[in-house]
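Worksheet: one structure, shown below.
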């Protein structure tokens, strides 16, 4: 939460500092309790990873959408330089079974996280990332680690270690008047550089910082922001493969970010599997996004 001096008089009159303080204590207790839980298969999962001794770990937090993990693992196998792990935070048990099957067939280490009682999607995501950091990343001590959104697909080679070769952190920059942070869907770290900072990937709602925002207090405020490079984020308008309408997608460096795939009611390209798989298939076959600005391709399975 914000420092006491950062609250305005009107906010004190509404009791916001006290409300924020109470919620912070409650959320911290929930997160610490969750962090201590050990799901079925955890010992074998961590032992298998320890045998590999990965120097770079990229962790995806899966959530209820198997087809996205299907695409993500395919693209990671093609373009990711590092060890991919899938940590499943799905509430839907059938989705967990299917995601585990996909990972097993691809040879991707999979662990089903403990079922969370946290209903808020951002807080659920944050405590899941914290669980992965403190139960997997910290004990295994890879040189580099990062978290990738489950609907972030690398279209070109992605080398996480290269991104932090000359700086401690890298990712998609976000900020408010009360601080800045790296989006939890694309954040990369030199582990040794932040190991003593006690990372916290939870939200900091009083600062209007989403998942990963509490790392403003833990990590980012200590860094020279002006001396850091961040990912390039841009929007592209592409032709839909069915009706030819122009649809906006987001690129984070050379990664396609869909966004909203776990929200089936969202009127967005995220719910159009044909459209997304068409883009990925086209680029995988050697095409470019520029081609899709003028040509509506008919998608097939990736």
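The values are calculated or read from the model by the stated rules, or taken from the named source; none is laboratory data. Remember, it's a predicted structure, so these values are computed and weren't measured experimentally. Every residue, glycine among them, receives a Cβ derived from its backbone with ideal geometry; neighbour counts consider all protein chains shown.
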- Tell me, yes or no, whether segment 70-81 has at least one residue that is surrounded by fewer than 21 Cβ atoms within 10 Å (Cβ to Cβ), in a loop (DSSP other than H, G, I, E, B) and outside the structural domain of residue 258 (by TED's automatic domain parsing). no
- Message: Suppose we filter segment 218-236 for residues that are without any contact (Cβ under 8 Å) to a residue 12 or more places away in the chain and in a helix (DSSP H, G or I); how many remain?
- Response: 1
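Test of understanding: among 171, 146, 179, 185, which residue is crowded, with 17+ Cβ neighbours inside 10 Å, farther than 23 Å from residue 40 by Cα and over 18 Å from the mean Cα position of the chain (by Cα)? It would help to see each step written out before you state the result.
Details: 171 fails: over 18 Å from the mean Cα position of the chain (by Cα); 146 fails: over 18 Å from the mean Cα position of the chain (by Cα); 185 fails: over 18 Å from the mean Cα position of the chain (by Cα).
Within the list 171, 146, 179, 185, the selection yields 179.
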- Message: Every residue in segment 1-59 that is touching a helix residue (DSSP H, G or I) at 6+ places or on another chain (Cβ under 7 Å), outside the structural domain of residue 205 (by TED's automatic domain parsing) and not in a helix (DSSP H, G or I), please.
- Response: 1, 2, 7
- Return yes or no: is residue 250 modelled with pLDDT of 80 or more, in contact with a strand residue (DSSP E or B) (Cβ under 6 Å, 6 or more places away or on another chain), surrounded by 12 or more Cβ atoms within 10 Å (Cβ to Cβ) and under 29 Å from residue 170 (Cα atoms)? yes
- Message: Conditions first: (1) surrounded by fewer than 22 Cβ atoms within 10 Å (Cβ to Cβ); (2) at pLDDT 95 or above. Residue 124 passes all but one, so which condition is the exception?
- Response: (2)
- Task: Give me the pairs, please: first residue somewhere in segment 163-187 and at positive phi, second residue anywhere and surrounded by 17 or more Cβ atoms within 10 Å (Cβ to Cβ) and part of a strand (DSSP E or B), beta-carbon distance under 8 Å, and either six or more positions apart or on two chains.
- Result: 171/146; 171/182; 171/183; 171/186; 171/187; 171/188; 179/204; 179/209
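So which of 58, 76 ends up being more than 21 Å from residue 138 (Cβ to Cβ), in contact (Cβ under 8 Å) with a residue 12 or more places away in the chain and touching a strand residue (DSSP E or B) at 6+ places or on another chain (Cβ under 8 Å)?
Values: 58 fails: more than 21 Å from residue 138 (Cβ to Cβ).
None of the others qualify; the one that does is 76.
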- Only one of these conditions is not met by residue 201: (1) within 27 Å of residue 121 (Cα to Cα); (2) over 13 Å from the mean Cα position of the chain (by Cα); (3) surrounded by 20 or more Cβ atoms within 10 Å (Cβ to Cβ). Which number is it? (2)
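Looking at segment 253-283 only, could you name the residues that are at pLDDT 80 or above and closer than 21 Å to residue 183 by Cα?
253, 254, 255, 256, 257, 258, listed by residue number.
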